[in-house]
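Working notes for the structure below.
The values are calculated or read from the model by the stated rules, or taken from the named source; none is laboratory data. Bear in mind the structure is a predicted one, so any value in this text is a computation, not a measurement. Cβ placement follows ideal geometry from the backbone for every residue including glycine, while neighbour counts extend to all protein chains displayed.
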Amino acid sequence: MAGLETPELAAAAVAGGADSIEIGFPFSDPLADGPAIRRAAERALTAGMGTAACLDCLRRTRARVAVPLVPMTYSALLEAYGWERFASDAELAGAASLIIADLPADERPELRRVQLVAPTSTDERIALAAARTDGWLYLVTLTGTTGARRELSPALEPLVERVRRLTAVPLYAGFGISTPSQAAAAAELTDGVVVGSAALAAAEEGASALERFVASLRAALS
Amino acid sequence: MSVGLFGGYGGRYVPETLIPALDELTSGWEAAKADADFRAELDSLLERYVGRPTPLDEAARFAPTGKRILLKREDLCHTGAHKINNTVGQALLAVRLGKRRVVAETGAGQHGVAAATVCARFGLDCVVHMGAEDMRRQRPNVDRMRLLGAEVRPVEFGTKTLKEATSEAIRDWIANVDMTYYMIGSCVGPHPYPAIVRELQAVIGREAREQVVEKLERLPDAVVACVGGGSNAIGLFAGFLDDRSVRLVGVEAEGAASLVAGRTAVIHGSLSSVLADADGQILDAHSISAGLDYPGVGPEHAYLRDTGRAEYVTATDVEALAAFRSLAATEGILPALEPAHALARALDLDAEVILVGLSGRGDKDLAEVLAH
């Protein structure tokens, strides 16, 4: 979640072995998020992380680390800022792409972004999302919101099978992946993993804790 | 947005996980509407179970001199408000779609009660998400829902009112989408919900128009209804949209005036007029009446406002309380605090013959009224 410490935390994550960083731009009513990210968003908003501050955070993080940075947010922020203006200002600030959690794949095709597919997605929608996605396809592993889960979702494997039949685009799995063994299991099936809530929790303990956590994920993936 | 547009408002701003469910709902609804058996079963329930048609009655003592005020008595529906017009229809749809579990949000509790009611009638599991603050100020409805067999889950974060309850209901739906039907309470949310709720509540307007023409042999000058999410208003307005001589007046709570004081923003899956800041962050609404305490509004209302077909004004907590007391004393009717806002503006509206949507009864509001 975007904040004053983001550049330092991003550096710690990269030191731990992260290949890219998602930076959450907080929204007051995040439908796709469970309690951990929702609470982090609330704190960020209370700390003044409006859209301009988030773009500034992105800029400062860009100056600190070399890996791709991807803002993740909700349609409401782009509607208020201006869709094209947000896309271009984010790019200028150093964004490699965007993830919009509540913008369906068939909407606003001109907005370059990483598309999401879920276990409930039809083959038709998967094909469309894959055709329109920017770089990689985000596989939401479970039918639910973000948040740590005890087990890797059993819905991931059948979803990957379906998606692989429809596209050759790189697939990264996310939502509910919180431990090194879950990450390893997900990475067996896909080309990468996205870890959100668990990383947020580690980050709450500080940059070193985050670096250690990311390093444990990296070790499990090697 | 390519689907569900009211002149640019509306749409489906939801995570991908919900799109297949919304597609299923859309096609299920289209099929149901075209099915004569569905229509017949719905009409039969509205008559036998809900108690329709509801009366249109004149409030001669309440009305100021020189004005005629007619009340469309949705407070006389089973469960005491118009909400049940929507829940019987959506329950039939849920059964038709093979869902066994219903999730709903509620503000004042009237939609929650109406949802619990139909779920009991149809043997569906019912989970209602309700803000902890609303649970405190609308206690009788909480008790009612539980007695009807519903599980009421308190929402303990944020404003602890309808905004958070709606978000939690949607999250619940996302997590349980295969077996769960999301029974939304107003003409808000992602397409096709605003259209479904409007079409189910349109029975209010159809009846009211027939009744007023029969009774007065003329159309009213104005039709007035309170607007929270906007369902009773859109239902009442629907009967008169093509009657250009009839003014359509929506009354919002002053502290929750999404149409009067809001801006275009995304809330709960829909683009509409919202109390939001310049970044699109949704703000808190404030109203003495839980049912109006919502920072958003149905997208069709935003469209009606922009085209000038409907006008939107506000009433304060104090005015609503005064209108409550006045109707009680002059007509022997205790209105819900929500339509008390409509009554307040009807009293000073520059029109002679005014039809007011009395969307619910005030039993749930006794404690709140007595405390002020």
*Does region B:183-197 hold any residues that are assigned to a helix (DSSP H, G or I) and surrounded by fewer than 24 Cβ atoms within 10 Å (Cβ to Cβ), and which are they?*
B:195, B:196
*Could you figure out which of (1) crowded, with 19+ Cβ neighbours inside 10 Å; (2) more than 10 Å from chain B (Cβ to nearest Cβ); (3) without any contact (Cβ under 8 Å) to a residue 40 or more places away in the chain isn't true of residue A:91?*
(1)
*For residue A:19, indicate whether it is in contact with a Gly (Cβ under 9 Å, 6 or more places away or on another chain) and within 12 Å of chain B (Cβ to nearest Cβ).*
no
*asked:* What's the number of the only condition in (1) part of a helix (DSSP H, G or I); (2) among the small types (Gly, Ala, Ser); (3) surrounded by fewer than 21 Cβ atoms within 10 Å (Cβ to Cβ) that residue A:168 fails to meet?
replied: (1)
*Please specify each residue of region B:250-295 satisfying the condition of being out of contact with any strand residue (DSSP E or B) (no Cβ under 8 Å at 6 or more places or on another chain), crowded, with 24+ Cβ neighbours inside 10 Å and within 8 Å of another protein chain (Cβ to nearest Cβ).*
B:268, B:269
*Take the residues of region A:30-43 that are within 11 Å of another protein chain (Cβ to nearest Cβ) and either basic (Lys, Arg) or surrounded by 23 or more Cβ atoms within 10 Å (Cβ to Cβ) (or both): which is farthest from residue A:76 (Cα to Cα)?*
A:39
*Among the residues of region B:136-157, which ones are within 22 Å of residue B:337 (Cβ to Cβ) and either surrounded by fewer than 24 Cβ atoms within 10 Å (Cβ to Cβ) or among the small types (Gly, Ala, Ser) (or both)?*
B:136, B:137, B:139, B:140, B:142, B:143, B:144, B:152, B:154
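Every residue, every condition in (1) small (Gly, Ala, Ser); (2) without any contact (Cβ under 8 Å) to a residue 40 or more places away in the chain; (3) not assigned by TED's automatic domain parsing to the domain that holds residue B:363, yes or no:
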residue: B:96; (1), (2), (3): no, no, yes
residue: B:105; (1), (2), (3): no, no, yes
residue: B:129; (1), (2), (3): no, no, yes
residue: B:140; (1), (2), (3): no, no, yes
residue: B:158; (1), (2), (3): yes, yes, yes
residue: B:164; (1), (2), (3): no, yes, yes
residue: B:168; (1), (2), (3): no, no, yes
residue: B:171; (1), (2), (3): no, yes, yes
residue: B:177; (1), (2), (3): no, no, yes
_Here are the criteria: (1) free of Cβ contacts under 8 Å to residues at least 24 places away in the same chain; (2) under 25 Å from residue B:354 (Cβ atoms). Tell me which single one residue B:69 does not satisfy._
(1)
*Residues of region B:9-32 classified as within 11 Å of chain A (Cβ to nearest Cβ) and not charged (D, E, K, R), total*: 10
